[in-house]
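The values are calculated or read from the model by the stated rules, or taken from the named source; none is laboratory data. The structure presented is a predicted model; accordingly, all values stated were derived computationally and were not measured. Cβ: placed from backbone, ideal geometry, glycine included. Neighbour counts: every protein chain shown. The accessibility values were calculated without ligands, DNA or RNA, using every heavy atom of the protein model including side chains. Shrake-Rupley method; radii C 1.70, N 1.55, O 1.52, S 1.80 Å.
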Amino acid sequence: MPVWLREYSWRQTPAALYLSLPLRGLRATSANIFCTDQYLKVSIPPFLFEAILYAPIDDTNSTAKIGNGIIFFTLYKKEVAMWDSLTLPNASKEKLQYLRENAVLKAHEKAKEETEAKKVTKQEHKKYALEATMKLEEAERKRIEDLKEKERQKVTKELELWKEQQNDAEKQKGVQRDEELHHEVEKLKVKKKEKVNKPMTPNEGVSKTGLKPARGCHGSCSIFSENLKEEQLPAPRSAATIKINFTSRVFPTALRESRVAEEEEWLRKQAEARRTVSADLSELEDLKEEEKNPDWLKDKGNKMFATGNYLAAVNAYNLAVRLNNKLPLLYLNRAACHLQLRNLHKAIEDSSKALELLTPPVPDNENARVKAYVRRGTAFCQLELYTEGLQDYEAALKIDPKNKTIEKDAEKIRHLIQGTAQES
């Protein structure tokens with residue numbers, strides 16, 4: 001049999017009722033209190049306090065404070081009036097039993113409505129989180145496409161400028177060759193005139209006649225043979241094809257535009273990764289050469305994610321991580337897949353690993369850090385860890401304070417936390 005708590009004190013105003021219930025050294029929590037619009041019960045076995053109130057109250061706004069060995073109730077009346085007594089007078093056992101059962105039914109219905117409301121709120125939050133993630137990914141994709149287009153336009157302009165410079169250089173060389181040829185012809189003409197106008201002496205005639213006649217001449221043309229040779233112009237150059245061999249390159253850019261030190265460092269790391277794969281992962285021997293490239297696997301995982309095949313995308317990212325566990329984008333993309341598959345703890349783990357690798361924080365990795373915080377915060381919220389989720393959303397807002405979507409989602413999480421605090 002329960003021991004009834006009969007000692008209590010109460011006072012009232014037209015709008016509210018104040019009830020003080022001593023606990024006699026008992027330890028009470030909010031779980032020991034049950035209250036509806038016309039029924040109040042405090043059960044701390046073996047002690048029991050029960051009151052069928054005189055008139056209905058607003059049980060939603062009414063409060064109960066536990067401390068200093070008492071429970072202090074503040075009950076707000078639905079109708080402003082002064083009560084004649086705290087409990088309903090002259091009530092029969094049947095009516096009291098009916099009121100108890102009706103109070104329990106109302107409590108169950110209210111709890112069911114609150115559960116449905118929480119479920120709807122949770123679904124809406126999940127929807128907003130997914131939309132936020134998709135918007136971020138769309139913005140990142142657009143940014144990358146814009147960068148590619150700008151780079152393509154820049155390379156096209158540089159190529160056109162180089163072609164113009166080559167054409168100008170060829171024209172300049174042609175003009176110089178024409179000028180040199182014209183100068184040589186003028187020199188030959190001057191020499192010819194000087195020799196023709198030079199007077200001939202007798203000794204010169206004897207010496208010249210004593211020379212051996214040229215072949216094909218019968219002694220009469222030997223005097224002019226040397227002059228004829230000097231007047232002859234050089235034969236035109238024969239046409240030929242010049243073969244140009246370019247230095248073989250792993251990267252598609254030209255050698256003059258590349259960063260050799262960074263490229264060699266990248267190739268060295270790739271070679272070390274392949275050697276590690278060959279030494280430690282014997283089960284990967286049957287893979288093709290491109291399937292051993294983490295970048296190729298990352299692109300494959302991205303395509304699988306875009307088509308909705310999240311399990312295949314996770315498998316691709318898993319293999320890429322085994323090949324190279326220092327790429328933060330692999331963990332970041334795999335976290336997005338785990339969110340879709342409801343693997344919330346794994347999504348938190350991958351997002352945290354991506355944030356660990358995205359150090360030091362620099363402007364180039366701002367977008368990746370924002371995604372990592374948002375995805376981890378989304379996973380926390382779906383686990384109903386709203387405080388941790390709000391911390392991640394606020395961290396993302398510090399990096400990108402102009403992002404209205406993240407700000408809106410953070411505000412919703414704050415309302416959820418406030419609602420949870422009021423319920424407790």
Check: Are there any pairs, at least 6 apart or on different chains, whose C-beta atoms fall under 6 Å, with the first in region 283-299 and modelled with pLDDT under 70 and the second open to solvent by less than 40 Å² (accessible area, probe 1.4 Å) and not in a loop (DSSP other than H, G, I, E, B), and if so, which?
Finding: 284/277
Margin query: If I go through region 133-145 residue by residue, how many of them are surrounded by 13 or more Cβ atoms within 10 Å (Cβ to Cβ) and farther than 30 Å from residue 383 by Cβ?
Written below: 0
Check: Can you tell me which residue in region 1-14 is nearest to residue 77 (Cα to Cα), limited to those that are among the aliphatic types (A, V, I, L, M) and open to solvent by 50 Å² or more (accessible area, probe 1.4 Å)?
Finding: 3
Check: Taking interchain pairs and intrachain pairs at least six residues apart, which have beta carbon atoms under 6 angstrom, with the first residue in region 51-63 and under 27 Å from residue 421 (Cα atoms) and not assigned by the TED database to the domain that holds residue 104 and the second in a loop (DSSP other than H, G, I, E, B) and open to solvent by less than 40 Å² (accessible area, probe 1.4 Å)?
Finding: 56/37; 57/37; 59/36; 59/37
Next item on the list: Among the candidates 148, 192, 157, 163, single out the residue that is open to solvent by 80 Å² or more (accessible area, probe 1.4 Å), basic (Lys, Arg) and either under 30 Å from residue 234 (Cα atoms) or touching a Phe, Trp or Tyr at 6+ places or on another chain (Cβ under 7 Å) (or both).
Entry: 192
Margin query: For region 397-424: of the residues being under 16 Å from the mean Cα position of the chain (by Cα) and part of a helix (DSSP H, G or I), which is nearest to residue 353 (Cα to Cα)?
Written below: 399
Checklist line | Test: residue 323 is more than 20 Å from residue 367 (Cβ to Cβ), at pLDDT below 90, surrounded by 19 or more Cβ atoms within 10 Å (Cβ to Cβ) and aliphatic (A, V, I, L, M) | finding: yes
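Conditions (1) free of Cβ contacts under 8 Å to residues at least 24 places away in the same chain; (2) on the phi < 0 side of the Ramachandran plot; (3) in a helix (DSSP H, G or I); (4) open to solvent by 50 Å² or more (accessible area, probe 1.4 Å), marked per residue:
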residue: 339; (1), (2), (3), (4): no, yes, yes, no
residue: 349; (1), (2), (3), (4): yes, yes, yes, yes
residue: 352; (1), (2), (3), (4): no, yes, yes, no
residue: 359; (1), (2), (3), (4): yes, yes, no, yes
residue: 365; (1), (2), (3), (4): no, yes, yes, no
residue: 378; (1), (2), (3), (4): no, yes, yes, no
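Residue-by-condition table, conditions (1) more than 14 Å from the chain's Cα centre (by Cα); (2) outside the structural domain of residue 123 (by the TED database); (3) of a type in the set (A, V, I, L, M, F, W, C):
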{"position": "357", "(1), (2), (3)": "no, yes, yes"}
{"position": "360", "(1), (2), (3)": "yes, yes, no"}
{"position": "369", "(1), (2), (3)": "no, yes, no"}
{"position": "372", "(1), (2), (3)": "no, yes, yes"}
{"position": "380", "(1), (2), (3)": "yes, yes, yes"}
{"position": "384", "(1), (2), (3)": "yes, yes, no"}
{"position": "387", "(1), (2), (3)": "yes, yes, no"}
{"position": "395", "(1), (2), (3)": "yes, yes, yes"}
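Can you pull out every residue in region 15-26 that is more than 12 Å from residue 72 (Cα to Cα) and modelled with pLDDT of 85 or more?
So in region 15-26, the residues more than 12 Å from residue 72 (Cα to Cα) come out as 15-16, 24-26.
15, 16, listed by residue number.
When residues of region 74-132 are filtered for being among the β-branched types (Val, Ile, Thr), closer than 28 Å to residue 31 by Cα and either more than 51 Å from the chain's Cα centre (by Cα) or surrounded by 13 or more Cβ atoms within 10 Å (Cβ to Cβ) (or both), how many remain? Explain how you work it out, then say what you get.
Residues of region 74-132 among the β-branched types (Val, Ile, Thr): 74, 80, 87, 104, 115, 120-121.
Okay, now just the ones that are also closer than 28 Å to residue 31 by Cα, so 74, 87, 104, 115, 120-121.
Next, only the ones that are either more than 51 Å from the chain's Cα centre (by Cα) or surrounded by 13 or more Cβ atoms within 10 Å (Cβ to Cβ) (or both) stay: 74, 87, 104, 121.
So the count comes out to 4.
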Notebook entry, point to check: Counting just the residues of region 384-395 that are more than 14 Å from residue 352 (Cβ to Cβ) and assigned to a helix (DSSP H, G or I), which one comes out least open to solvent (accessible area, probe 1.4 Å)?
Noted result: 393
